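Have a look at the structure below before the remarks.
The values are calculated or read from the model by the stated rules, or taken from the named source; none is laboratory data. Model, not experiment: these values are computed from the prediction. Glycine also receives a Cβ, built like all others from the backbone with ideal geometry; neighbour counts cover every protein chain displayed.
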Amino acid sequence: MSYTVHRPLVTVYTENEEVSGASVTLPAVFKSPIRPDIVNFVHMNMAKNRRHPYAVSKEAGHQTSAESWGTGRAVARIPRVRGGGTHRSGQGAFGNMCRGGRMFAPTKVYRRWHRHINVGQKRYAICSAVAATGVPGLVLSKGHKIEEIPEVPLVVTGKVEELKKTKEAMLFLKKVKAWKDVEKVYKSRRLRAGKGKMRNRRRIQRLGPLLVYEKDQGLTRAFRNIPGVDTLRVDQLNLLKVAPGGHVGRFIIWTEGAFRQLDRN
């Protein structure tokens, strides 16, 4: 994929969406090649490394007494439950094709869970994901509502890091025209399809903006209860948040200090 659009300077906005008069040089990371294939590959392996080991019981499907009838009865040689006088007697057991039998190739906790990721490839992926956040077309393609945003990437003054109350954080998002992206999250909340409903993952929702900061002076507490909004320190940039799902183009709001630090890291 082609490079991002190169701009020498990026305007810094106040918490009221007014031009502060300051400008920041576009960090070199925004000129990185955008490689969705590498981002997706690294994201997949990083997500695999977060899994908890799981397995079925060693005894599942084998907690019954059954023995094959052998040949000569014109029935399958699968082990069958002994006895009579009940529907269960004579039924097949143990096999993965049988009712109440074990699964094929039962899962084990000693599976190879971890996936090695090359350090250079991991760095390439995060640079590519950050560069994609500066392309409005890619951000729009992810479904983010940025039509009224004055500039992408959006850089705001460091005063945002001093916000401590959720109502102040909501007011800030409304003033910089990012609240529509949060409204999208509210409207997207729905029931999950499948068995995750029974496993404490009942509802799912879209993701909103990511706020990258330099110093936490109360900012994380202010934004943590707003659905879909994530916060992240600039020296802990995480591909799982910058490119959720392995797809490039998340809408990121940078504080001025964090944006300047991109060239120092």
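Quick look at the numbers
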quantity	calculated
Candidate set: the range 50-74, residues that are hydrophobic (A, V, I, L, M, F, W, C) and assigned to a loop (DSSP other than H, G, I, E, B); chosen: the one surrounded by the fewest Cβ atoms within 10 Å (Cβ to Cβ)	Ala74
Residue count, the range 196-222 (criterion: over 21 Å from Ala132 (Cα atoms) and either under 18 Å from the mean Cα position of the chain (by Cα) or not acidic (Asp, Glu) (or both))	17
Which listed residue, of Pro33, Pro106, is assigned by TED's automatic domain parsing to the domain that holds Ala131 and part of a loop (DSSP other than H, G, I, E, B)	Pro33
The listed residue being charged (D, E, K, R) and touching a Ser or Thr at 6+ places or on another chain (Cβ under 9 Å), out of Arg102, Arg111, Arg88, Arg73	Arg88
Selected residue [closer than 22 Å to Tyr13 by Cβ and either among the hydrophobic types (A, V, I, L, M, F, W, C) or over 16 Å from the mean Cα position of the chain (by Cα) (or both)] from Ala178, Ala193	Ala178
Any hit, the range 215-224, residues being among the polar types (S, T, N, Q) and free of Cβ contacts under 8 Å to residues at least 60 places away in the same chain	yes
Any chance Arg77 is over 34 Å from the mean Cα position of the chain (by Cα) and either of a type in the set (D, E, K, R) or assigned to a helix (DSSP H, G or I) (or both)	yes
Given (1) closer than 28 Å to Val10 by Cα; (2) modelled with pLDDT of 95 or more, index of the condition Asp216 fails	(2)
Residues of the range 106-126 satisfying the condition of being of a type in the set (Val, Ile, Thr), under 29 Å from Leu237 (Cα atoms) and touching a residue at least 24 places away in the same chain (Cβ under 8 Å)	Ile117, Ile126
Subset of the range 106-128 (residues that are closer than 16 Å to Asn49 by Cβ, of a type in the set (A, V, I, L, M, F, W, C) and surrounded by 11 or more Cβ atoms within 10 Å (Cβ to Cβ))	Trp113, Ile117, Ala125, Ile126
Meets criteria (surrounded by fewer than 14 Cβ atoms within 10 Å (Cβ to Cβ), of a type outside the set (Phe, Trp, Tyr) and not assigned by TED's automatic domain parsing to the domain that holds Glu148) for Glu18	no
Elements of type helices (runs of 4 or more DSSP H) contained in the range 190-265, each with 2 or more residues being farther than 15 Å from Ile126 by Cα	219-223, 256-261
